[in-house]
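Working notes, beginning with the structure itself.
Each value in this text was obtained by applying a stated rule to the coordinates, not by laboratory testing. Computed from a prediction, not measured in an experiment: that's the story for all the values here. Note that each Cβ is placed from the backbone with ideal geometry, even for glycine, and that neighbours are counted across all protein chains shown.
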Number of protein chains: 2
Amino acid sequence: MPIDSPRTSLQIRSLVKRSGELELSLAEDAIPEPQADEVVVRVEAAPMNPSDLGLLFGAADMKTAKASGTPERPVVTAQIPEAAMKAMAGRLDQSMPVGNEGAGVVVAAGNSPAAQALLGKTVAAIGGAMYTQYRCLPANQCMALPEGTTPAEGASAFVNPLTALGMVATMKREGHKALVHTAAASNLGQMLNRICMKDGIALVNIVRRPEQAQILRALGAKYICDQSAPTFMQDLTDALAATGATLAFDAIGGGKLAGQILNAMEAAVNRSATEYSRYGSATHKQVYIYGGLDRGPTEFTRSFGMAWGMGGWLLFPFLAKIGPEEAAKLKARVAAELKTTFASHYTKEVSLREALRLEEIAVYAKQATGEKYLLNPNRG
Amino acid sequence: MPIDSPRTSLQIRSLVKRSGELELSLAEDAIPEPQADEVVVRVEAAPMNPSDLGLLFGAADMKTAKASGTPERPVVTAQIPEAAMKAMAGRLDQSMPVGNEGAGVVVAAGNSPAAQALLGKTVAAIGGAMYTQYRCLPANQCMALPEGTTPAEGASAFVNPLTALGMVATMKREGHKALVHTAAASNLGQMLNRICMKDGIALVNIVRRPEQAQILRALGAKYICDQSAPTFMQDLTDALAATGATLAFDAIGGGKLAGQILNAMEAAVNRSATEYSRYGSATHKQVYIYGGLDRGPTEFTRSFGMAWGMGGWLLFPFLAKIGPEEAAKLKARVAAELKTTFASHYTKEVSLREALRLEEIAVYAKQATGEKYLLNPNRG
């Protein structure tokens, strides 16, 4: 690393104390010398995705958040409900870095050709601890971005694009012919909609409010079902019958939606049934819960027969399952279509210190559609 | 068929009327002449399993049951709650025969060698409509019982034994090393316990009451967790940690139990975790719901990470999945161990008319452990 480079990097830390308190702060660490296969990325853009906020806030009730510390080193504390502390057992009293992914410029590189090839390049990177000014990580966790791509444009090149492509790939692997997606006006949902339109896959978009339906309508989505409409279950069943979708990806998790989807799928399948089966249709109906926008309990009435499944879905085990060759194909598609199919939109760019302001937390912690923040750790 | 054989057969019918009324009755039908590959079985024993009762009673509230008809031809009617009528749509106004399986003597056979070979034999049979005096069905849906086996001993030779063996086979196919079973003191649960003891498989038995724990303890079960004990979650987690069980078969379906099992599995797996993962353990945890003793909603709090699944499990699709060769192996084992591993116990034997008495329905409709009825359609 050049002699005039910074030696330390400021980063966001999240600490869950045994006492039931969450503490967010900034820590300054030495930047390691990169090993042969490593590079140091000056991080200029990192999305604040729901999965990042899950680690950042833990199970804390952010309505109880209080500010302390100094303007230079702000500290935020919040209370964790006692019932939720059990789930925090594995991270007690450990100061954890945050940030799944981000993008920036490679300012130092180890001796290996792979690392050297990235020096000076703008790259997207994945590997955790990205909410930091300088991140030292293996070169193979970076993806060189096409010429003319800014860090902001490449910040979300991994999680959302690969998750959306993973949904389509899962549909094909598991023998379904169309998809259902919830919270469908999200950045991820818009990407999925673009992929499905481009690839000719029928997609049933479930949204929570009319404004979100409007966003998707403007993007050309064909099947949009608004949970707030009194005709929601009928609309959903009609869309499922029209598309034949028997696989859903649910970002919400809590409440009754996952079960409603299975019930509507069963009703749609049974529209063409010729005889009664006490066990319901033989068609397998599946909902994968990949997010937890509603952390409350999941509840469903099993009136959808016996051929059903519900389960968790997570990107990294999926990538491990398909293997490096298939994963590389997905990544190549992301790089090629980063500014079109996989474009992301952010409400606001914030610095590390701004990200710890209570008034900003109050906005981005809501995880509302159209309120996604982009963190720039090197913003002054 | 010999000339002096009966020409008609009395059978139980279940009818869901569009008006929201369930009607149970006896119908008398002509016994068909067996085709070349068919046999006529004089049914002398048929178990009243939960899956049979599901078809028999539909979604009716049997607390509203009323008797009418004549002593010779009793009729029972009951009301179906309006909310449940939607699930009945496929069977409206169809008088349906009942009874998955049973056993009896082959009194007539078609010309084929396979059918002729069964003539005069005591057989177990599966194929629906077994709550009848004489059932004409394909010879290949019958299994000749070993010499000296009574119809009562062979009545439950298909559903429970193959379901219990199917659970163990599923465990092996899906890479789990031990099992959890709920409502574990049932006939099926006792069978599963005997299979697991014989085969050296660790089985965690979950029961609802101390008396049921006692039944299993007397049978030599090692891991028994009583839901009514204040230490239930702790006991369950301990048993899961000791056995490494990550697959459960749940007969109950409704309520919080399925989710509690996943939570306890996650806690058990995390006892040996070395570092925190925000996504929970990477170990896949699965609950298959194969019954519906509680028809109410299923509710769970997702504090068991992302590597989980819940779903329906049904015997016939499972047998189709493993193919005829594997299925034949399971059936051969059942025949060989029918009086030991796969022995069933019944509270009471009833005739067709007795089965439609309100006082009997009040007992067997509860589906309580140790209250299983055996129907003998040829009992006077």
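Miscellaneous remarks
- Note on A:Ala229 and B:Asn111: with the Förster distance fixed at 60 Å, the Cβ-Cβ geometry gives a FRET efficiency of about 0.45.
- With the gyration tensor restricted to C-alpha atoms of the stretch A:159-317, the semi-axes of the equivalent ellipsoid amount to 23, 17, 16 Å, longest first.
- Square roots of five times the Cα gyration tensor eigenvalues for the protein assembly as shown, Å: 58, 27, 24
- Sorted from nearest, the other copies put their B:Ala328 label points 4.6 nm away, the label point being 7 Å from Cα in the direction of Cβ.
- Filtered GluC sites (Glu not before Pro), the stretch A:106-211: DSSP coil and at most 10 other beta carbons within 10 Å: A:Glu147
- Label points for B:Glu299 are taken 7 Å from Cα along Cα→Cβ. From this copy to the others they lie 0.5 nm apart, shortest first.
- Rg to Rh quotient for chain A, alpha carbon positions, Kirkwood Rh: 1.00
- Antiparallel DSSP beta bridges within the protein assembly as shown, as percent of all bridges there, nearest 5: 65 percent
- Peptide-level mean, for A:366-379, of C-beta atoms on other protein chains within 10 Å: 0
- Taking the C-alpha atoms only, the angle from helix A:315-336 to the longest principal axis of chain A is near 80 degrees.
- Taking trypsin sites (Lys or Arg not before Pro) across the stretch B:161-197, the ones in a DSSP loop with at most 14 further Cβ atoms lying within 10 angstrom of their Cβ are B:Lys177.
- Mean-position separation - Cα centroids, the stretch B:58-78 and the stretch A:46-77, in angstrom: 62 Å
- Anisotropy class of the stretch A:174-267 from Cα gyration tensor, a/c 1.5 cut: rounded
- Placing unit charges on the Cβ atoms of the charged side chains and taking the dipole of the stretch B:26-174 about its Cα centre, the candidate lying farthest along the positive direction among B:Val106, B:Pro151, B:Gly54 is B:Gly54.
- For chain B, built as a Gaussian network whose Cα springs stay under 10 Å, the top-fluctuating residue of B:Pro146, B:Pro230, B:Pro210: B:Pro230
- Stretchable slack from A:Glu72 to A:Ala320, in nm (0.36 nm times residue separation minus alpha-carbon distance): 85.2 nm
- Ordered by the number of other Cβ atoms lying within 10 Å of each residue's own Cβ, fewest first, A:Val107, A:Val16 fall into the sequence A:Val107, A:Val16.
- Peptide B:299-305 is shielded by partner chain Cβ atoms: per residue, an average of 6 of them sit within 10 Å of its Cβ.
- Shielding by partners, peptide A:88-94 (average Cβ within 10 angstrom, other chains): 3
- Comment: the Cα-to-Cβ extended label point of A:Pro32, at 7 Å, lies 7.4 nm from its counterparts in the other copies, nearest first.
- Against chain A, whose longest principal axis is taken from its Cα atoms, helix A:187-199 shows a tilt of about 60°.
- Label reach from B:Gln94 (point 7 Å along Cα→C-beta): in the stretch B:11-44, amide nitrogens under 14 Å belong to B:14-18.
- The long axis of helix A:257-270 is offset from the longest Cα principal axis of chain A by roughly 40 degrees.
- Distance from the alpha carbon centroid of the stretch B:312-343 to that of the stretch A:333-364 works out to 55 angstrom.
- Listed by chain and number, the lysines whose alpha-carbon sits under 21 Å from that of A:Lys198, ignoring those within fewer than 8 places in the same chain, are A:Lys172, A:Lys177, A:Lys222, A:Lys329, A:Lys331, A:Lys339.
- Once both labels are positioned 7 Å from their Cα atoms along Cα-to-Cβ, the gap between A:Ala273 and B:Arg217 label points is 4.4 nm.
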